[in-house]
């Protein structure tokens, strides 16, 4: 897919995010908008074996949305990729809907792990990568974690294990939008030299200056693996990216746009 | 009427945790999908028995139980059958991972958690799980085994490997008598002794002590039936009802808190189903402490003598 087409998919996914959260009157638009390029790049360009008609193909690359609250971005991406139709957006966060508040492997096609309890997704991804090595499955495992999520000790337990087991079939994408629920990372729990910390845990690290620039994201995701080391990609992103009044605003972490705001957002996200 | 089980002592003793390690090696030889994860306790959980024969299928996770459980969750999605092994007291430590990482998606992960109950002994209350069954019972889709001896431990491990979904196996450190292998069916209780005056429902290594209690009760002129449940969930509700109706007096005995364990599971079955007396014998809303296993059983009212006393008093 051409760069322009991928950017168009991102725009449509962003519209999906706005529409979904507006309809549900709830959800997490801010952190969904920040990781949209990463998800679209993975599902439309990077991951092998992605097939809506065979979403359990054992050789497929795996994806775990460790920051499970960014589910709207994943649902938008899966919908654009053909795993289900946009009519499912009506059931987002609703009784019997396949699009639960957080990704549910039992309900939604194309999902590889149920996430939402922060810190767990990266650990599950480590297990998938280890299991793939054990069974000789050539698949690659990708996971997106949040910066706020990295307050969780589990992220570090998982990272230690990823390096110990030399999981070069694992890529952890760090959505560095700098904000979490109660404020900026620095207001809530300083991450300090977060890159240095993860490097010390044994990751081969790639830093992406603009994690909302599709070309930069693609370049990082296509960089050759470093033998014997798990990969971490730091994406410097903007929370609420693409919707002017949400950009860089902590308050849009877990708040749905009203109808008026939705109309404005969709106008901004027109082709 | 359900059939009486023929309980034949072999004269040997071993702990169910040692049996767990041996069972993994045996079942692992039959099923190459089985992998074993441990959190730096292979010498204690006895997964070293598996590691010795299948080193390439053994994964140490370091002292990080939470990560072990979710790694197992991830490995299960690759078609493997991971057995996570640690102390039962750490079930609380990795509970969110067992809940959200494994049970919520109903992944095929097994938990062989050892050193349960006060008979762990000298390590004391910080390490004696009295609440693990309560924690596991409330998780939808979880199967729970509490084997009573070494042979039953093998049967539980084997059955766990054949169940598609999460299974918790609770084992103990204290050696207990080994009986000849008896017929095993998931979800079915075993009638160990028939009796007409009252029934004792028990699980795990309390089988040894309740058996002795039955003999002590006989001397007092009380004819007690004894039923052992290797499967706590799904519980053999039919059998729980059958012997309650037959005897009218129910006692549950478990090396676990009287809150949330076998006793409460039986109570939930019996409530509103007839007129029975009902008494739970177990650890009564307090923590364990250091001591010799026999002294601890006495202290917590779980020795054969104390069990018989409670039941005799309850029958008056």
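The values are calculated or read from the model by the stated rules, or taken from the named source; none is laboratory data. All values reported here derive from a predicted model rather than from experimental measurement. Note that we place each Cβ from the backbone using ideal geometry, even for glycine, and neighbour counts take in every protein chain shown.
Considering only residues that are closer than 18 Å to residue A:211 by Cβ and more than 9 Å from the chain's Cα centre (by Cα), which ones fall in the stretch A:41-83? Residues satisfying the conditions are A:41, A:42, A:43, A:44, A:45, A:46, A:47, A:69, A:72, A:76, A:77.
Here the stretch A:134-143 is the region considered, the condition is being in contact with a strand residue (DSSP E or B) (Cβ under 9 Å, 6 or more places away or on another chain) and within 9 Å of chain B (Cβ to nearest Cβ), and the residue that is farthest from residue A:221 (Cα to Cα) is A:134.
Restricting the stretch B:37-87 to residues that are in contact (Cβ under 8 Å) with a residue 60 or more places away in the chain and in a helix (DSSP H, G or I), the residue that is nearest to residue B:165 (Cα to Cα) is B:45.
Of the residues in the stretch A:30-38, at least one is within 15 Å of the chain's Cα centre (by Cα) and more than 30 Å from residue A:168 (Cα to Cα).
Quick one: would you say residue B:32 is touching a residue at least 40 places away in the same chain (Cβ under 8 Å) and surrounded by fewer than 17 Cβ atoms within 10 Å (Cβ to Cβ)?
It is false that residue B:32 is touching a residue at least 40 places away in the same chain (Cβ under 8 Å) and surrounded by fewer than 17 Cβ atoms within 10 Å (Cβ to Cβ).
In the set A:131, A:127, only one residue is closer than 19 Å to residue A:232 by Cβ and within 10 Å of chain B (Cβ to nearest Cβ); that residue is A:127. Any chance the stretch B:170-183 includes a residue that's touching a residue at least 40 places away in the same chain (Cβ under 8 Å), within 30 Å of residue A:108 (Cβ to Cβ) and in contact with a helix residue (DSSP H, G or I) (Cβ under 9 Å, 6 or more places away or on another chain)? No - not one qualifying residue is present in the stretch B:170-183. Please determine, by comparing only the residues of the stretch B:63-79 that are over 19 Å from residue A:170 (Cα atoms) and facing chain A (nearest Cβ under 8 Å), which one is farthest from the chain's Cα centre (by Cα). Among those residues, the one meeting the criterion is B:64. Taken together, the criteria exclude residue B:82 from residues that are within 14 Å of chain A (Cβ to nearest Cβ) and surrounded by fewer than 24 Cβ atoms within 10 Å (Cβ to Cβ).
Across the stretch A:17-29, what is the number of residues that are in a helix (DSSP H, G or I), within 15 Å of the chain's Cα centre (by Cα) and in contact (Cβ under 8 Å) with a residue 60 or more places away in the chain? Number of matching residues: 1. Do we have residue A:117 as facing chain B (nearest Cβ under 10 Å) and surrounded by 19 or more Cβ atoms within 10 Å (Cβ to Cβ) here? Yes: the conditions hold for residue A:117. For the residues A:229, A:255, A:241, the requirement of being in contact with a strand residue (DSSP E or B) (Cβ under 7 Å, 6 or more places away or on another chain) and either surrounded by 15 or more Cβ atoms within 10 Å (Cβ to Cβ) or more than 14 Å from chain B (Cβ to nearest Cβ) (or both) singles out A:229. Taken over the stretch A:226-262, the criterion of being without any contact (Cβ under 8 Å) to a residue 60 or more places away in the chain and within 23 Å of residue A:155 (Cβ to Cβ) is satisfied by A:226 alone. Restricting B:272, B:165, B:260 to residues that are in the same structural domain as residue B:103 (by TED's automatic domain parsing), at positive phi and either surrounded by fewer than 24 Cβ atoms within 10 Å (Cβ to Cβ) or modelled with pLDDT of 95 or more (or both) narrows the list to B:165. For the stretch A:144-158, residues that are in contact with a strand residue (DSSP E or B) (Cβ under 8 Å, 6 or more places away or on another chain) and within 10 Å of chain B (Cβ to nearest Cβ) total 1.
On the given criteria, is residue A:186 more than 14 Å from chain B (Cβ to nearest Cβ) and surrounded by fewer than 18 Cβ atoms within 10 Å (Cβ to Cβ)? For residue A:186, the condition - more than 14 Å from chain B (Cβ to nearest Cβ) and surrounded by fewer than 18 Cβ atoms within 10 Å (Cβ to Cβ) - is met. Scanning the stretch B:49-62 for residues that are surrounded by fewer than 17 Cβ atoms within 10 Å (Cβ to Cβ) and over 20 Å from residue A:166 (Cβ atoms), we see that the one that is nearest to the other protein chains (Cβ to nearest Cβ) is B:53.
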